[in-house]
Amino acid sequence: MKNTLFLLSFLCLVNFSVAQEKQEDFDIIRASLYYPYAPKLRKIKVAIIVQTYKFPEPWLEGAYSVPFINLQGRIPLKKNFTAQFNLGTIIASNQLSVGFRWNKQFDSKFAFNIGYDFAVVFGGLTIADFDTRVAASIHYPNFAFSYRYKDVAFTIKSELNIVGDVKIWTGENVTTGENNFYNGFTVGLYMEQRLWKNHVIILGLKNHYTKFSYIAWPAFSTFNRFYNIPEISIGLVL
């Protein structure tokens, strides 16, 4: 976590110095990944994001920070709709999600959207005598509100987490978990600003209030309570 905070500080300093160079045709709204905007041009917006989670000590018998590589994209559609896709992985845990947003911009500064994502989770872990696989589906109804200040965009995003079903294979045995249960919610704050040319840096702080985390799925089955899981993210819009 200390290394992540150091990297955040370093990127902020680099970002501040580079951002002093003005680019006349740059618009943070068009360049942003999170700002609720549905451009008429059919151009895919893609970002690579590295997320770091700090999981509760009872899960992993110690406080560990886990990095997660995430590829996110946005495709503009008609009538203020956009399609979203997301692929995240740490090899042992993977999530692929697709969804839609309806975007509304009030003026040149404020905007919001509402959306829904459907995710498929899959993973496996084989260490010594531990041979386990997981498959699950998760529903993410979500809402975001954004504010633009000059060439910086701030977005608050919240989503519900509803697990459709969970199956865990331990060797030849299959365990089926509870279906369609409320798994908590998340609240995140994201800042986006030009790093160079039309490339945008993303800095995010997010908190998960949840009891099942697909990233730490090998540890979840014996716990049935909600935990706060902080997340720090650093990304680049390509």
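Miscellaneous remarks
- Classification of the stretch 149-238 by its C-alpha gyration tensor yields a prolate form. The axis ratio a/c (a ≥ b ≥ c) is 1.5 or more, and a/b outweighs b/c.
- log₁₀ of I(q)/I(0) at q = 0.12, 0.15, 0.20 Å⁻¹ - the stretch 49-164, Debye sum with one point per alpha carbon: -0.58, -0.84, -1.24
- Rounded FRET efficiency, nearest 0.05, which uses the C-beta distance separating residue 181 from residue 158 and R0 of 22 Å: 0.70
- Cross-link pairs beyond the 28 Å C-alpha cut-off, checked among 54/150; 78/167; 43/150; 79/150: 54/150; 78/167
- Accessible surface ranking for 108, 137, 1.4 angstrom probe, highest first: 108, 137.
- Per residue, the stretch 87-196 exposes an accessible area of 53 Å² to a 1.4 Å probe, with every protein chain left in place.
- Anisotropy class assigned to the stretch 81-132 is prolate, per the alpha carbon gyration tensor with a/c at or over the 1.5 cut-off and a/b larger than b/c.
- Going by accessible surface with a 1.4 Å probe and the largest first, 25, 117, 107 read 25, 107, 117.
The values are calculated or read from the model by the stated rules, or taken from the named source; none is laboratory data. Just so it is clear, the structure is predicted and the values come from calculations on it, not from any experiment. Note that we place each Cβ from the backbone using ideal geometry, even for glycine, and neighbour counts take in every protein chain shown. Protein only, heavy atoms only, side chains kept; ligands, DNA and RNA dropped before computing areas. Shrake-Rupley method; radii C 1.70, N 1.55, O 1.52, S 1.80 Å.
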